[in-house]
Amino acid sequence: MGHQKDPQTSGEHELVVGLRTGTDEAFDMLVSQLGGPLYHVAHRILGDPDETKDCLQDAFVSAFQSIASFEERSSLKTWLHRIVVNHALMRLRSRNRKSEDAFDELLPEFDADDCRIEAPWLAPEPIDQLLDRQNRRELVPNQASA
């Protein structure tokens, strides 16, 4: 008795062969069968529909570029699921990095001599303004007691 693959595995193998040879039918079949479930996987991670669509497109392109390395030790769905999750996580990390870049705008700047450049609203007051303020403080208690 020879070992036979079950119909689903056999059909999947034929799909992989079609993807490796670049047939449009195989591509269309893959997207129609797995596009919806994989979209939901990416959307659960990213939360944004537009970013999810971009992620899914990038993941499919990546999968098609590396279909030759698919060893069929796992199902095609499992392999694609992992690719989609990885792409979604990369986008999430990239998004977090961009928010860190925005934070950089709040950090102090330094000139060529490594002296801190103060924002105008944080720059210290000129000494004469500080002395005038100090003199006014000294006068206020004297006027209160007079």
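Below, the figures for the structure above:
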{"read-out": "Fewest-first ranking of Cys55, Cys115, using other Cβ atoms within 10 Å as the exposure measure", "value": "Cys115, Cys55"}
{"read-out": "Sequence of Ile117, Ile67 once ranked by neighbouring C-beta atoms within 10 Å, starting from the fewest", "value": "Ile117, Ile67"}
{"read-out": "Förster radius 25 Å - calculated FRET efficiency between Asp50 and Thr78, Cβ distance, rounded to 0.05", "value": "0.40"}
{"read-out": "Förster radius 22 Å - calculated FRET efficiency between Asp113 and Gln134, Cβ distance, rounded to 0.05", "value": "0.15"}
{"read-out": "Label point at Phe70 placed 7 Å out along Cα→Cβ; residues across the range 22-42 whose backbone nitrogen lies under 16 Å", "value": "22-39"}
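Bear in mind that the values in this text are calculations on the coordinates, not laboratory data. All values derive from a computational prediction rather than experimental measurement. Backbone-built Cβ (ideal geometry, glycine too); neighbour counts: all protein chains shown.
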